[in-house]
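This report refers to the structure that appears directly beneath it.
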Amino acid sequence: MKRWLTEAFVLVIAGVVAFPLFWMVLSAFKPEDEIISADPVPWTTRPTLDSFTRALTVANFGRYFLNSIVVALIVVALSILISFLAATALTRFRFRSRTTLLIMLLVVQMVPVEALTVPLFFLMRSVGDSVPVFGLNHLGSLVLVHLAFSLPFAIWMLRGFVAAVPVELEEAATLDGASRFRFLWQVLFPLVAPGLVATSVLSFIHAWNDFLFAKTFIISAVENQTLPLALQVFVKPDQNDWGAIMAGSTLMTIPVLVFFIFVQRRLVSGLAGAVKG
(Lines give C-alpha, C1' and ligand atoms only; values in the text may rest on other atoms or scores of the structure.)
Protein backbone atom coordinates (compact mmCIF):
# COMPACT_ATOMS: atom_id res chain seq x y z
CA MET A 1 0.00 0.00 0.00
CA LYS A 2 2.82 2.33 0.92
CA ARG A 3 4.53 1.68 -2.41
CA TRP A 4 1.36 2.51 -4.36
CA LEU A 5 0.93 5.76 -2.44
CA THR A 6 4.56 6.69 -3.14
CA GLU A 7 4.20 5.96 -6.84
CA ALA A 8 0.94 7.91 -7.02
CA PHE A 9 2.58 10.87 -5.28
CA VAL A 10 5.52 10.75 -7.71
CA LEU A 11 3.14 10.64 -10.68
CA VAL A 12 1.24 13.67 -9.37
CA ILE A 13 4.47 15.63 -8.93
CA ALA A 14 5.62 14.57 -12.42
CA GLY A 15 2.29 15.69 -13.85
CA VAL A 16 2.52 19.08 -12.17
CA VAL A 17 6.06 19.56 -13.51
CA ALA A 18 5.24 18.35 -17.02
CA PHE A 19 1.94 20.24 -17.44
CA PRO A 20 3.51 23.64 -18.32
CA LEU A 21 5.60 21.93 -21.01
CA PHE A 22 2.52 20.16 -22.34
CA TRP A 23 0.55 23.42 -22.42
CA MET A 24 3.41 25.21 -24.17
CA VAL A 25 3.58 22.62 -26.97
CA LEU A 26 -0.22 22.44 -27.22
CA SER A 27 -0.54 26.22 -27.48
CA ALA A 28 2.12 26.24 -30.20
CA PHE A 29 -0.16 24.06 -32.36
CA LYS A 30 -3.44 25.77 -31.49
CA PRO A 31 -5.05 28.33 -33.83
CA GLU A 32 -5.13 31.87 -32.51
CA ASP A 33 -8.83 31.91 -31.62
CA GLU A 34 -8.42 28.88 -29.36
CA ILE A 35 -5.40 30.38 -27.63
CA ILE A 36 -7.20 33.60 -26.64
CA SER A 37 -10.47 31.82 -25.87
CA ALA A 38 -12.01 32.59 -22.48
CA ASP A 39 -12.65 28.86 -22.01
CA PRO A 40 -9.34 27.11 -22.79
CA VAL A 41 -9.33 23.32 -23.16
CA PRO A 42 -6.33 20.93 -22.97
CA TRP A 43 -6.71 19.78 -26.57
CA THR A 44 -7.25 21.09 -30.08
CA THR A 45 -9.24 19.73 -33.01
CA ARG A 46 -7.61 22.12 -35.49
CA PRO A 47 -3.83 21.84 -35.12
CA THR A 48 -1.88 24.32 -37.20
CA LEU A 49 1.74 25.32 -37.88
CA ASP A 50 0.95 29.03 -38.29
CA SER A 51 2.59 29.92 -34.97
CA PHE A 52 5.81 28.12 -35.95
CA THR A 53 5.78 29.93 -39.29
CA ARG A 54 5.56 33.31 -37.55
CA ALA A 55 8.31 32.35 -35.12
CA LEU A 56 10.68 31.09 -37.83
CA THR A 57 10.14 34.10 -40.06
CA VAL A 58 11.43 36.55 -37.46
CA ALA A 59 14.25 38.57 -38.98
CA ASN A 60 17.69 37.05 -38.20
CA PHE A 61 16.14 34.07 -36.38
CA GLY A 62 18.94 31.82 -37.65
CA ARG A 63 21.57 34.30 -36.46
CA TYR A 64 20.00 34.48 -32.99
CA PHE A 65 19.90 30.68 -32.84
CA LEU A 66 23.58 30.45 -33.84
CA ASN A 67 24.57 33.07 -31.27
CA SER A 68 22.86 31.09 -28.50
CA ILE A 69 24.55 27.87 -29.61
CA VAL A 70 27.99 29.50 -29.75
CA VAL A 71 27.66 31.08 -26.31
CA ALA A 72 26.31 27.89 -24.68
CA LEU A 73 28.95 25.57 -26.20
CA ILE A 74 31.86 27.87 -25.34
CA VAL A 75 30.60 28.20 -21.77
CA VAL A 76 30.27 24.41 -21.48
CA ALA A 77 33.76 23.74 -22.88
CA LEU A 78 35.47 26.33 -20.68
CA SER A 79 33.53 25.38 -17.55
CA ILE A 80 34.48 21.71 -18.00
CA LEU A 81 38.16 22.53 -18.41
CA ILE A 82 38.48 25.14 -15.66
CA SER A 83 36.25 23.39 -13.09
CA PHE A 84 38.11 20.09 -13.57
CA LEU A 85 41.50 21.70 -12.98
CA ALA A 86 40.23 23.78 -10.06
CA ALA A 87 38.47 20.83 -8.39
CA THR A 88 41.62 18.73 -8.75
CA ALA A 89 43.75 21.47 -7.19
CA LEU A 90 41.34 21.99 -4.28
CA THR A 91 41.11 18.25 -3.62
CA ARG A 92 44.64 16.96 -4.20
CA PHE A 93 46.76 19.84 -2.92
CA ARG A 94 47.06 21.49 0.47
CA PHE A 95 47.81 25.19 0.37
CA ARG A 96 47.12 28.37 2.30
CA SER A 97 43.59 29.81 2.04
CA ARG A 98 42.27 26.54 0.61
CA THR A 99 39.40 26.46 3.11
CA THR A 100 38.68 30.14 2.47
CA LEU A 101 38.32 29.45 -1.26
CA LEU A 102 35.91 26.58 -0.59
CA ILE A 103 33.77 28.81 1.64
CA MET A 104 33.79 31.53 -1.01
CA LEU A 105 32.51 29.03 -3.59
CA LEU A 106 29.51 28.39 -1.35
CA VAL A 107 28.90 32.06 -0.52
CA VAL A 108 28.99 33.12 -4.20
CA GLN A 109 26.13 30.74 -5.00
CA MET A 110 23.93 32.44 -2.41
CA VAL A 111 24.07 35.87 -4.07
CA PRO A 112 20.97 36.57 -6.24
CA VAL A 113 21.74 37.09 -9.91
CA GLU A 114 19.58 40.22 -10.01
CA ALA A 115 21.71 41.86 -7.32
CA LEU A 116 24.82 41.52 -9.50
CA THR A 117 23.35 42.62 -12.82
CA VAL A 118 24.02 46.36 -12.46
CA PRO A 119 27.58 45.96 -11.07
CA LEU A 120 28.36 43.48 -13.85
CA PHE A 121 27.05 45.95 -16.43
CA PHE A 122 29.56 48.58 -15.31
CA LEU A 123 32.29 45.94 -15.05
CA MET A 124 31.70 44.75 -18.61
CA ARG A 125 31.70 48.35 -19.80
CA SER A 126 35.10 48.89 -18.18
CA VAL A 127 36.47 45.59 -19.47
CA GLY A 128 35.32 46.53 -22.97
CA ASP A 129 37.61 49.57 -22.92
CA SER A 130 40.63 47.28 -22.60
CA VAL A 131 39.39 44.08 -24.26
CA PRO A 132 36.56 44.96 -26.67
CA VAL A 133 35.61 41.34 -27.36
CA PHE A 134 34.48 41.01 -23.71
CA GLY A 135 32.71 44.36 -23.60
CA LEU A 136 29.10 45.36 -24.04
CA ASN A 137 27.36 44.40 -27.29
CA HIS A 138 29.72 41.43 -27.75
CA LEU A 139 29.00 37.74 -27.19
CA GLY A 140 32.21 37.54 -25.18
CA SER A 141 30.56 39.44 -22.34
CA LEU A 142 27.85 36.77 -22.11
CA VAL A 143 30.43 33.98 -22.18
CA LEU A 144 32.42 35.64 -19.39
CA VAL A 145 29.43 36.21 -17.12
CA HIS A 146 27.87 32.78 -17.63
CA LEU A 147 31.24 31.18 -16.99
CA ALA A 148 31.60 33.11 -13.75
CA PHE A 149 28.18 31.92 -12.55
CA SER A 150 28.67 28.31 -13.69
CA LEU A 151 32.12 27.69 -12.23
CA PRO A 152 31.42 27.84 -8.45
CA PHE A 153 28.77 25.13 -8.56
CA ALA A 154 30.73 23.06 -11.10
CA ILE A 155 33.90 23.17 -8.99
CA TRP A 156 32.05 22.30 -5.80
CA MET A 157 30.25 19.42 -7.49
CA LEU A 158 33.39 17.99 -9.10
CA ARG A 159 35.26 17.97 -5.80
CA GLY A 160 33.27 14.93 -4.74
CA PHE A 161 34.16 13.04 -7.91
CA VAL A 162 37.86 13.85 -7.69
CA ALA A 163 37.95 12.95 -3.98
CA ALA A 164 36.33 9.59 -4.77
CA VAL A 165 39.34 8.58 -6.89
CA PRO A 166 41.82 6.82 -4.55
CA VAL A 167 45.16 8.51 -4.03
CA GLU A 168 46.71 5.05 -4.38
CA LEU A 169 45.70 5.08 -8.03
CA GLU A 170 47.79 8.18 -8.63
CA GLU A 171 50.69 6.66 -6.73
CA ALA A 172 50.48 3.49 -8.82
CA ALA A 173 50.42 5.54 -12.03
CA THR A 174 53.48 7.48 -10.84
CA LEU A 175 55.35 4.25 -10.12
CA ASP A 176 54.52 3.11 -13.66
CA GLY A 177 56.21 6.20 -15.01
CA ALA A 178 53.17 8.37 -15.68
CA SER A 179 53.68 12.09 -15.22
CA ARG A 180 51.17 14.18 -13.28
CA PHE A 181 49.93 15.65 -16.55
CA ARG A 182 49.39 12.18 -18.04
CA PHE A 183 47.58 10.95 -14.92
CA LEU A 184 45.40 14.03 -14.96
CA TRP A 185 44.14 13.64 -18.52
CA GLN A 186 44.39 9.91 -19.21
CA VAL A 187 43.33 8.49 -15.83
CA LEU A 188 41.55 11.07 -13.67
CA PHE A 189 39.65 12.87 -16.43
CA PRO A 190 37.84 9.72 -17.72
CA LEU A 191 37.01 8.64 -14.16
CA VAL A 192 35.25 11.92 -13.33
CA ALA A 193 33.55 12.13 -16.75
CA PRO A 194 30.03 11.53 -15.29
CA GLY A 195 30.49 14.55 -13.04
CA LEU A 196 31.74 16.63 -15.96
CA VAL A 197 28.64 15.70 -17.95
CA ALA A 198 26.31 16.67 -15.10
CA THR A 199 27.99 20.06 -14.69
CA SER A 200 28.04 20.62 -18.46
CA VAL A 201 24.27 20.11 -18.68
CA LEU A 202 23.64 22.68 -15.97
CA SER A 203 26.06 25.13 -17.62
CA PHE A 204 24.40 24.62 -21.01
CA ILE A 205 20.89 25.22 -19.66
CA HIS A 206 21.99 28.31 -17.73
CA ALA A 207 23.61 29.88 -20.80
CA TRP A 208 20.95 28.76 -23.28
CA ASN A 209 17.93 30.05 -21.36
CA ASP A 210 19.47 33.35 -20.28
CA PHE A 211 17.44 36.46 -20.94
CA LEU A 212 18.51 38.87 -18.20
CA PHE A 213 22.20 39.17 -19.09
CA ALA A 214 21.55 39.09 -22.83
CA LYS A 215 19.06 41.93 -22.44
CA THR A 216 21.45 43.89 -20.21
CA PHE A 217 24.72 43.50 -22.10
CA ILE A 218 23.60 43.30 -25.75
CA ILE A 219 22.16 46.80 -26.05
CA SER A 220 22.37 47.97 -29.65
CA ALA A 221 24.17 45.18 -31.55
CA VAL A 222 21.13 43.38 -32.95
CA GLU A 223 23.34 40.88 -34.80
CA ASN A 224 24.70 39.65 -31.44
CA GLN A 225 21.36 39.06 -29.74
CA THR A 226 20.49 35.55 -28.57
CA LEU A 227 17.37 33.48 -29.15
CA PRO A 228 15.43 34.44 -25.97
CA LEU A 229 15.59 38.07 -27.09
CA ALA A 230 14.06 37.15 -30.46
CA LEU A 231 10.79 36.30 -28.69
CA GLN A 232 10.43 39.94 -27.62
CA VAL A 233 9.04 40.88 -31.02
CA PHE A 234 5.87 38.95 -30.13
CA VAL A 235 5.34 40.88 -26.89
CA LYS A 236 3.19 43.86 -27.86
CA PRO A 237 1.57 46.63 -25.82
CA ASP A 238 -1.95 45.84 -27.01
CA GLN A 239 -1.92 42.04 -27.29
CA ASN A 240 0.84 39.43 -27.09
CA ASP A 241 1.19 36.84 -29.84
CA TRP A 242 1.06 33.88 -27.47
CA GLY A 243 1.01 31.34 -30.28
CA ALA A 244 4.33 32.56 -31.68
CA ILE A 245 5.78 32.89 -28.17
CA MET A 246 4.87 29.29 -27.38
CA ALA A 247 6.14 28.09 -30.76
CA GLY A 248 9.44 29.89 -30.27
CA SER A 249 9.74 28.50 -26.75
CA THR A 250 9.07 25.00 -28.08
CA LEU A 251 11.80 25.43 -30.69
CA MET A 252 14.16 26.61 -27.95
CA THR A 253 13.69 23.40 -25.98
CA ILE A 254 14.79 21.18 -28.89
CA PRO A 255 18.57 21.77 -28.51
CA VAL A 256 18.29 21.17 -24.76
CA LEU A 257 16.45 17.89 -25.35
CA VAL A 258 19.04 16.81 -27.93
CA PHE A 259 21.82 17.64 -25.46
CA PHE A 260 20.06 15.66 -22.72
CA ILE A 261 19.60 12.63 -24.97
CA PHE A 262 23.24 12.78 -26.03
CA VAL A 263 24.58 12.71 -22.43
CA GLN A 264 21.73 10.84 -20.75
CA ARG A 265 23.62 7.79 -19.53
CA ARG A 266 26.52 9.67 -18.02
CA LEU A 267 24.19 12.30 -16.61
CA VAL A 268 22.34 9.78 -14.43
CA SER A 269 25.55 8.32 -13.03
CA GLY A 270 26.93 11.83 -12.60
CA LEU A 271 23.99 13.05 -10.52
CA ALA A 272 24.10 9.83 -8.49
CA GLY A 273 27.78 10.38 -7.82
CA ALA A 274 27.13 13.95 -6.77
CA VAL A 275 24.57 12.78 -4.21
CA LYS A 276 27.00 10.19 -2.85
CA GLY A 277 29.80 12.75 -2.74
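The values are calculated or read from the model by the stated rules, or taken from the named source; none is laboratory data. Everything numeric in this text was worked out from a predicted model, so none of it was measured. Cβ sites come from the backbone with ideal geometry, for glycine too, and all protein chains shown count toward neighbours. Just the protein is used for accessible areas: all its heavy atoms, side chains included, with ligands, DNA and RNA removed. Shrake-Rupley method; radii C 1.70, N 1.55, O 1.52, S 1.80 Å.
Values for this structure:
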read-out	value
Amide proton proximity set for residue 226, modelled H, under 5 Å, gap of 5+	none
Accessible surface, 1.4 Å probe, highest first, among residues 53, 226	53, 226
Three-way shape call for region 140-247 based on the alpha-carbon gyration tensor, with the a/c threshold at 1.5	prolate
At least 20 Å along the helix axis (C-alpha) and Kyte average at least -1.0, DSSP helices within the chain	2-29, 61-92, 113-130, 139-164, 193-208, 242-262
Prolate/oblate/rounded call for region 64-124, Cα gyration tensor, a/c under 1.5 rounded	oblate
Mean Cα-pair separation over length for region 136-277, i.e. relative contact order, pairs under 8 Å, 6 or more apart, %	40
Residue-level accessible surface for residue 50, protein heavy atoms, 1.4 Å, Å²	90
Solvent exposure ordering (accessible area, 1.4 Å, most first) of 147, 78	78, 147
Straight-distance crosslink candidates among aspartates and glutamates, where the alpha carbon sits under 20 Å from residue 30 and sequence neighbours closer than 8 are dropped	39, 50, 241
Per residue solvent-accessible surface (Å²) - the chain, probe of 1.4 Å	59
Along the chain, longest interval not containing exposed chymotrypsin sites (Phe, Trp or Tyr not before Pro), exposed being DSSP loop plus at most 15 other Cβ atoms within 10 Å	96-210
Sulfur and carbon atoms: percent of accessible area, the chain [1.4 Å]	70
Spatial extent of the chain: Rg and Dmax, with the Cα atoms as the point set, Å	22.6, 74
Charge sum, other residues only, whose C-beta stays under 15 Å from residue 243's C-beta, Lys/Arg counted +1 and Asp/Glu -1	-1
Probe 1.4 Å - accessible area at residue 138, Å² to nearest ten	70
